[in-house]
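Before any comments, here is the structure.
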Amino acid sequence: RDEKLLSYRQRQDLYLEGKPFKVHMGFGLHIGWGIEGPVGSLQKVDATYLSPHVNMAARLETASRQYGVPLLMSEIFWRCLSTAAKEQCRKLDRVSVKGSVQSIDIFTFDAYQDQQLPVRRPT
């Protein structure tokens, strides 16, 4: 939300089909355990992470597109936030997740990306 960064949205050469170009990313936040392990061959090895909690974070990230929000968090993650942070979040839905018998609440944080924030003055 820096003034200089926001000014790039006004550059006509960065427009796509007559509209300002924007990058849209989605994030899914969940808390739990995970196991890291190497996957690959002798020439190339990648790390992978396995657990139902990693799968939940991935499902939340995918669902962020369906809900049209940049960030989705599980109720378990939301409970770990400070009171001040919780006040900036809103509950979106209660969902049943594939592979789970229990429904969970999902929350988002409204990050007003087009809003220009006031400049903080040093104290």
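Residue-wise test of (1) hydroxyl-bearing (Ser, Thr, Tyr); (2) within 16 Å of residue 26 (Cα to Cα); (3) touching a Cys at 6+ places or on another chain (Cβ under 6 Å).
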site: 53; (1), (2), (3): no, no, no
site: 59; (1), (2), (3): no, yes, no
site: 73; (1), (2), (3): no, yes, no
site: 79; (1), (2), (3): no, no, no
site: 82; (1), (2), (3): yes, no, no
site: 87; (1), (2), (3): no, no, no
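Name the single residue, out of those in segment 1-11 being assigned to a helix (DSSP H, G or I) and in contact (Cβ under 8 Å) with a residue 12 or more places away in the chain, that is least open to solvent (accessible area, probe 1.4 Å). The selected residue is 6. Name every residue in segment 58-95 that is within 24 Å of residue 22 (Cα to Cα), among the small types (Gly, Ala, Ser) and in contact (Cβ under 8 Å) with a residue 24 or more places away in the chain, in order of residue number. Listed by number, the residues that qualify are 58, 63, 64.
Reported count of residues in segment 43-92, each being open to solvent by 60 Å² or more (accessible area, probe 1.4 Å), of a type in the set (Asp, Glu) and either in contact with a His (Cβ under 6 Å, 6 or more places away or on another chain) or under 17 Å from residue 110 (Cα atoms) (or both), is 1. Look at (1) at pLDDT 80 or above; (2) under 24 Å from residue 63 (Cα atoms); (3) surrounded by 10 or more Cβ atoms within 10 Å (Cβ to Cβ) and you find that residue 35 fails only one, number (3).
The values are calculated or read from the model by the stated rules, or taken from the named source; none is laboratory data. Just so we're clear, the structure is a prediction, and the values are computed from it rather than from any experiment. Cβ sites come from the backbone with ideal geometry, for glycine too, and all protein chains shown count toward neighbours. Surface accessibility is based on the protein's heavy atoms, side chains included, excluding ligands, DNA and RNA. Shrake-Rupley method; radii C 1.70, N 1.55, O 1.52, S 1.80 Å.
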